[in-house]
Amino acid sequence: MIRAVRILLVLVVFCAASLTAAAESVKIRIGVLKFGTVTWEADVIRHHGLDEAEGIGLVFRELASKQATAVALQGGAVDMIVTDWFWVSRQRAAGADYTFVPYSTAVGALVVPADSPIDSLADLRGRRLGIAGGPVDKSWLLLRALARKRHDIDLNTEVEKVFGAAPLLNEQIKIGRIDAVITFWPYAARLEAAGMRRLIGVEEAGRELGIASEVPLLGYVFSEGWADAHRDEVLAFVRASRKAKEILRASDAEWERLKPLTRAEDEATLVALREAFRAGIPEQWGEAERRDARRMFEILRELGGDKLVGTTRELQAGTFWSGLSF
């Protein structure tokens with residue numbers, strides 16, 4: 001009898017250890033910017049238990065900067081981050097095996113004060129133009145390409161460029177220190193909520209430049225080798241992410257719950273952020289989008305050069321994870 005009890009206890013301990021190991025094996029560590037929009041989706045996943053429903057556990061690690069998220073991924077401190085596929089292609093060209101699944105099609109916009117005389121890209125000549133993201137920001141490069149196509153001008157030489165962080169540039173345009181700003185979508189939404197005018201969205205520029213589909217520039221990025229070893233868990237995560245987006249698409253009440261996290265100063269700002277986020281939810285991801293991504297790469301490589309794409313002349317094979325289409 002005592003021997004049977006001992007055997008039973010051993011089996012219980014063994015099973016408990018196995019279950020614990022199994023639970024740990026499906027943990028996915030995701031590096032996110034502390035005040036970034038990805039934290040909104042992360043909160044929805046956690047609040048509704050979407051990861052647990054898919055049989056996985058997600059650990060969101062808040063980091064201070066985009067560079068910090070890249071370092072965390074490269075150092076093995078996290079399994080995934082959100083970044084753009086230009087970075088992925090550049091890393092693959094250097095020998096890394098990172099790959100990408102879509103997060104958002106939302107990009108940036110050119111915003112001017114409501115009473116500004118600027119009505120076209122040509123009207124930017126001689127103006128002080130704020131540019132968030134630096135000299136190789138994708139929105140800036142696409143609008144440069146469009147200005148060249150529409151007006152045969154190079155904005156790089158026709159405007160007084162003011163590079164800076166998006167929050168700072170928002171303040172600069174509010175007090176009249178700059179005449180227009182090209183900025184990321186959450187900051188453009190905040191300016192519009194404050195009464196400023198969107199002159200052109202980057203998605204409009206893309207369509208005129210021959211990019212017909214909605215190309216998600218930002219996505220979840222991870223090692224291809226890691227994904228091959230955790231394929232079921234990656235697909236489970238994608239399902240949880242898409243379920244969170246559907247909640248954010250359908251429920252205004254969910255956005256009210258998230259209001260403190262968005263740091264929206266008022267209801268108009270919350271609505272602007274909500275609608276901009278919803279507009280950026282990827283609807284499909286297949287060969288048409290991948291083809292247009294290659295077209296976008298060619299356009300931006302010409303203007304951004306090695307600083308944007310590195311020494312590679314083409315979008316690297318494997319940049320987009322082959323395990324996902326929708």
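All of the numbers you see were taken from the coordinates with simple rules; none came from a lab. Quick caveat, the model's predicted, so the values are computed rather than measured. Counting neighbours? That spans all protein chains shown, and the Cβs are built from the backbone with ideal geometry, glycine included.
Tabulated data for the structure shown
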{"item": "Formal net charge of residues neighbouring D228 (Cβ-Cβ distance under 14 Å; K, R +1; D, E -1)", "result": "-4"}
{"item": "Rounded to 10°, Cα long-axis angle of helix 287-309 versus longest principal axis of the chain", "result": "60 degrees"}
{"item": "Rounded, prolate or oblate (a/c below 1.5 giving rounded, otherwise prolate when a/b exceeds b/c) for segment 108-208 by Cα gyration tensor", "result": "rounded"}
{"item": "Residues of type aspartates and glutamates that K161 reaches as a straight line, Cα spacing below 13 Å, ignoring anything fewer than 8 places off in the same chain", "result": "D137, D179"}
{"item": "Protection proxy ranking of 86-92, 119-125 - average other beta-carbon atoms within 10 Å, highest first", "result": "86-92, 119-125"}
{"item": "Normalised alpha carbon radius of gyration of the chain [divisor 2.2 N^0.38 Å]", "result": "1.13"}
{"item": "Around E214: net Lys/Arg minus Asp/Glu count, Cβ-Cβ under 11 Å", "result": "-3"}
{"item": "Label point at D154 placed 7 Å out along Cα→Cβ; residues across segment 115-132 whose backbone nitrogen lies under 16 Å", "result": "125-126"}
{"item": "Cross-link reach list, lysines versus K34, counting only Cα pairs under 16 Å and skipping chain neighbours closer than eight places", "result": "K66, K259"}
{"item": "Selection from V112, G195, G219 lying farthest towards where the dipole of the chain points positive, charges on Cβ", "result": "G219"}
{"item": "Angle in degrees between helix 252-262 and the longest Cα principal axis of the chain, rounded to the nearest 10", "result": "80 degrees"}
{"item": "Selection from Y98, A240, L50, by position along the positive dipole direction of the chain (Cβ)", "result": "Y98"}
{"item": "Total charge dipole magnitude, the chain, about the Cα centre, Cβ charges on Lys, Arg, Asp, Glu only, Debye to nearest 20", "result": "560 debye"}
{"item": "Mean Cβ neighbour count within 10 Å, used as a protection proxy, ranking 178-190, 242-254 highest first", "result": "178-190, 242-254"}
{"item": "Folded to 0 to 90 degrees: helix 231-250 orientation relative to the chain principal axis, Cα", "result": "50 degrees"}
{"item": "Listed residue (G305, A253, G31) projecting farthest to the positive dipole end of the chain, Cβ model", "result": "G31"}
{"item": "Selected from V26, V82, V111 as most flexible by GNM, with the chain as the system and alpha-carbon contacts under 10 Å", "result": "V26"}
{"item": "For segment 55-87 and segment 236-311, distance of Cα centres in Å", "result": "17 Å"}
